[in-house]
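Participant: Please read through the structure below; I'll follow up with questions.
Quick note: the coordinates plus some simple rules give every number you see, no bench work behind them. Keep in mind that this is a model prediction, so the values were computed, not measured. Please note: Cβ atoms are built from the backbone with ideal geometry, for glycine as well, and neighbour counts cover all protein chains shown.
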Amino acid sequence: MKWLRERNGDGLFDKGGVVVAAGERAPVMRSTWNALRDLGVVDFYGPAHKPRARLRLTGAAA
């Protein structure tokens with residue numbers, strides 16, 4: 001969460017499932033973000049044809 005917060009709290013998944021935010025690749029894999037989503041800390045979103053392409057911190061992450 002700290003890593004994403006320091007990069008504006010928003011990122012996107014690359015083809016390998018790694019989050020890219022502010023031009024940097026996250027040091028964790030997709031499974032970590034899935035676990036944080038299950039805890040309500042991050043939210044996946046995106047266009048209708050790919051609704052889980054991006055993620056952002058939720059208010060619970062504050």
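Participant: What ³J(HN,Hα) values, in whole Hz, does the Karplus curve 6.51 cos²θ - 1.76 cosθ + 1.60 give for segment 24-36 when θ = phi - 60°, with x put for Gly and Pro?
Facilitator: 10, 7, 5, x, 10, 9, 4, 4, 5, 5, 4, 5, 5
Participant: Here is a follow-up. Which ³J(HN,Hα) values in Hz, rounded to whole numbers, follow from the phi angles of segment 42-47 under the Karplus curve 6.51 cos²θ - 1.76 cosθ + 1.60, where θ = phi - 60° and Gly and Pro get x?
Facilitator: With coefficients 6.51, -1.76 and 1.60, one gets 10, 10, 8, 7, x, x Hz.
Participant: While we're on this one: Is there a quick way to get the dipole size of the chain? I mean about its Cα centre, with the Cβ of Lys and Arg at +1 and of Asp and Glu at -1; what is the value in debye to the nearest 20? Walk me through the numbers before you get to the answer.
Facilitator: Numbers: 11 positive and 6 negative charges, 25 e Å.
That gives a dipole near 120 debye.
Participant: Right, next: Cut-off 19 Å, label point 7 angstrom out along Cα-to-Cβ of K50: give me the residues of segment 1-29 whose amide nitrogen falls inside.
Facilitator: Only 10-26, 29 pass the distance filter.
Participant: For segment 2-18, take each phi angle, set θ = phi - 60°, evaluate the Karplus expression 6.51 cos²θ - 1.76 cosθ + 1.60, and give the result in whole Hz per residue in order, putting x for glycine and proline.
Facilitator: So the Karplus estimates, Gly and Pro as x, are 4, 4, 5, 4, 6, 10, 6, x, 8, x, 9, 8, 7, 4, x, x, 9 Hz.
Participant: Based on DSSP H runs of at least 4 residues, each adding -39500 (n - 2.57), what is the mean residue ellipticity at 222 nm of the chain after dividing by all its residues, to the nearest 500 deg cm²/dmol?
Facilitator: Details: 2 runs with 13 residues, N = 62.
Helix-only estimate at 222 nm: -5000 deg cm²/dmol.
Participant: Filter the trypsin sites (Lys or Arg not before Pro) in the chain down to the DSSP loop ones having no more than 12 other Cβ atoms within 10 Å, then list what survives.
Facilitator: Values: sites: K2, R5, R7, K15, R25, R30, R37, R52, R54, R56; in loops: R7, K15, R52.
For trypsin sites (Lys or Arg not before Pro) across the chain that sit outside H, G, I, E and B with at most 12 neighbouring Cβ atoms in 10 Å, the list reads K15.
Participant: So for the chain, what percent of the C-alpha to C-alpha distances run longer than 14 Å?
Facilitator: Numbers: 938 of 1891 pairs.
Value for the chain: 50 percent of Cα pairs lie more than 14 Å apart.
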